[in-house]
Amino acid sequence: MNKTIYILRHGETDLNKKHIVQGSGVDSSLNDTGRQQAQAFFEQYQHLPFETVLTSKLVRTHETVAPFLQKGINWEQHAEINEMGWGVHEGKHNTPEMHQDYRHMMSAWQAGDYHAKLEEGESAHELAHRMGRFIDHLKTRPEKLLLVCSHGRAMRCMVTLFRKMDLKHMEQFHHSNTGLYVVHYRNGDFVFELENDVRHLSELETMQL
């Protein structure tokens, strides 16, 4: 069934601001800026007749779409769109050693080794497998207009799969806090209207100058 999907990254958390790795194992809340970003997004898009809201299981996505949920829109949580598991890096400040581990993994992905992962973490192959299940689920849903709230790396993977591209291309897709992708599912293909759009934050950024 044809449909339009609004895909939103969660708002800012204190750990985002402090450059601490969150992943799927750190369930942090939005900070004041994140809540303002969420409200700005709501004010821009509250007029749209979303039929359902799909989020990850992590609270930062729940808080980002809270204004929509307060309208009584149907809400479902899907672990398939949780953030990628970064293993032993989660909850830690980025160090040179961590950065080296990360770059080593990314180099492996670029070489086509999608089973490479950080210690106790998740591989690109594992992430894509669960993201593929979610995409298959989206295709079968009866709604014509959906709002999805997820996470940076998860969204990079999702967009790559939407485009039927190899996973090594994930890095080319950007993900600002409350950055918006708008995707139309038509005749079995996903067509993009917006990519990481943050125009709803323009007034908020002006106020902070």
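Since every read-out is calculated from the coordinates, none of them should be taken as a lab result. Computed from a prediction, not measured in an experiment: that's the story for all the values here. Note: ideal-geometry Cβ built from the backbone for every residue, glycine included; neighbour counts use all protein chains shown.
Of the cross-linked pairs K17/K139; K71/K168; K71/K117; K18/K168; K17/K71; K3/K57, which ones have a Cα-Cα span greater than 32 Å in the structure shown? If you can, show how the numbers build up before the last one.
Details: K17/K139 35 Å; K71/K168 39 Å; K71/K117 40 Å; K18/K168 27 Å; K17/K71 30 Å; K3/K57 23 Å.
Exceeds cut-off: K17/K139; K71/K168; K71/K117.
What ranking do K144, K117 get, fewest neighbouring Cβ atoms within 10 angstrom at the top?
On the way: K144 14, K117 21.
Starting with the residue having the fewest Cβ neighbours, the order is K144, K117.
What does the charge dipole of the chain about its Cα centre add up to, to the nearest 20 debye, if the Cβ of each Lys and Arg holds +1 and the Cβ of each Asp and Glu holds -1?
On the way: 23 positive and 28 negative charges, 95 e Å.
Once rounded to the nearest 20, the dipole reads 460 debye.
What is the order of E12, E119, E90, E193, fewest Cβ neighbours within 10 Å to most? Please list the in-between numbers first.
Details: E12 22, E119 9, E90 19, E193 12.
Arranged by neighbour count, lowest to highest, E12, E119, E90, E193 become E119, E193, E90, E12.
Using the Cα centre of the chain as origin and beta-carbon charges of +1 (Lys, Arg) and -1 (Asp, Glu), tell me which of L118, Y102, N82 is placed farthest towards the positive end of the dipole.
N82
Using the count of nearby Cβ atoms within 10 Å as a rough guide to exposure, how do L201, L194 rank from fewest to most?
L194, L201
Quick one: of the DSSP bridges fully inside the chain, what percent are antiparallel, nearest 5?
Numbers: 14 of 28 bridges.
If I count the DSSP bridges inside the chain, around 50 percent turn out antiparallel.
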